[in-house]
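Student: I have a structure I would like to understand better, so I am pasting it below and will then ask my questions one at a time.
Any read-out appearing in this document is the output of simple, stated calculations on the displayed coordinates, not a laboratory observation. None of these values were measured; they are calculated from a predicted model. Cβ atoms come from the backbone with ideal geometry, glycine included; neighbour counts cover every protein chain shown.
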Amino acid sequence: MRSWLLIGWVALLLGTGCAPTTLSPMIMRLTPTDATAGETTFGLRTGPRLSVPVAPSTSGGIVTAPFAGDSNIFSVPQWGMAYDLAYHAPIDAATTAHLGVQGEFYYPIVLPAVGAYVGVSRYFTVGQASIAPAAVGRFTTDFGLPSGGGPSSQAGGELSLALAWHPEDRVTVGLVPFGAYQHVWVNGSDTYGIYTGGVVAVRIRYASGLDAFEISGGYGRVFMPNGIAWSTPILGVRFVR
């Protein structure tokens, strides 16, 4: 009986999952990385699903909502939420390598779309301010499983620049513009998307417990072939250890 319940639960998850969400900016280096232990971040972030404008209307019995574009920027599945887990490893005093994984937000199990990214950033201090350019490569997929807005896979890269101000030791306020290219494979065909925008981020450090808490918000704009373009809200919350 339990095995049948498990099979049914997995089938339900697979049948209601979503295509990959594009999370940007992938790297937001607002503060120096701990030179001895590195840094781990975990949270939830939002972004567009680039496959939706060109995905079939149904996938394995799942009906995909019509692409709404700018008329409804919070329309699901064109706008989604995903888990973001990353480790930031110092290479030297200024340079940090970033390795991360993401999974679509579907409580309590991450299914079916998952991805990974790897990148590098360089941190420069200018008085009470800092500048940190970063480059990252990313790949995500839903493994061809039926999903809202899919099935699809994506691969691409991103450039970002974190401009931060440090008014005091425990508070950092930053502006992070970005530009990304993603190649998108959707149900046997392929296309591409250009995603640009920026966020304002605030990181607050604690005296004990969690090292920091970070919130971010902003807007991005997606450009795809055949005149497809729409704006997308960017929201995020991450915990830092």
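Student: Could you sort 176-182, 131-137 so that the peptide with the highest average Cβ count within 10 Å comes first and the rest follow in order?
Tutor: 176-182, 131-137
Student: Starting with the fewest neighbours, write out 39, 104 ranked by other beta-carbon atoms found within 10 Å of each beta-carbon.
Tutor: Ascending Cβ contact count within 10 Å gives the list 39, 104.
Student: Per 5 Å bin, what percent of the C-alpha pairs of the chain does each bin hold, from zero upward?
Tutor: In whole percents, the pair-distance histogram is 1, 7, 14, 18, 19, 14, 11, 8, 5, 3, 1, 0, 0.
Student: What share of all Cα pairs of segment 115-196, in percent, falls into each consecutive 5 Å distance bin?
Tutor: 3, 13, 18, 16, 13, 11, 9, 7, 5, 3, 0
Student: What list do you get for 153, 24 if you sort them by fewest beta carbons within 10 Å?
Tutor: With the sparsest Cβ surroundings first, the list reads 153, 24.
Student: Check each of the chymotrypsin sites (Phe, Trp or Tyr not before Pro) in segment 183-231 and keep only those in coil by DSSP with at most 14 other C-beta atoms within 10 angstrom; list them in order.
Tutor: Passing sites in segment 183-231 are 206.
Student: Could you work out the relative contact order of the chain, using alpha carbon pairs under 8 angstrom and six or more residues apart, expressed as a whole percent?
Tutor: 21
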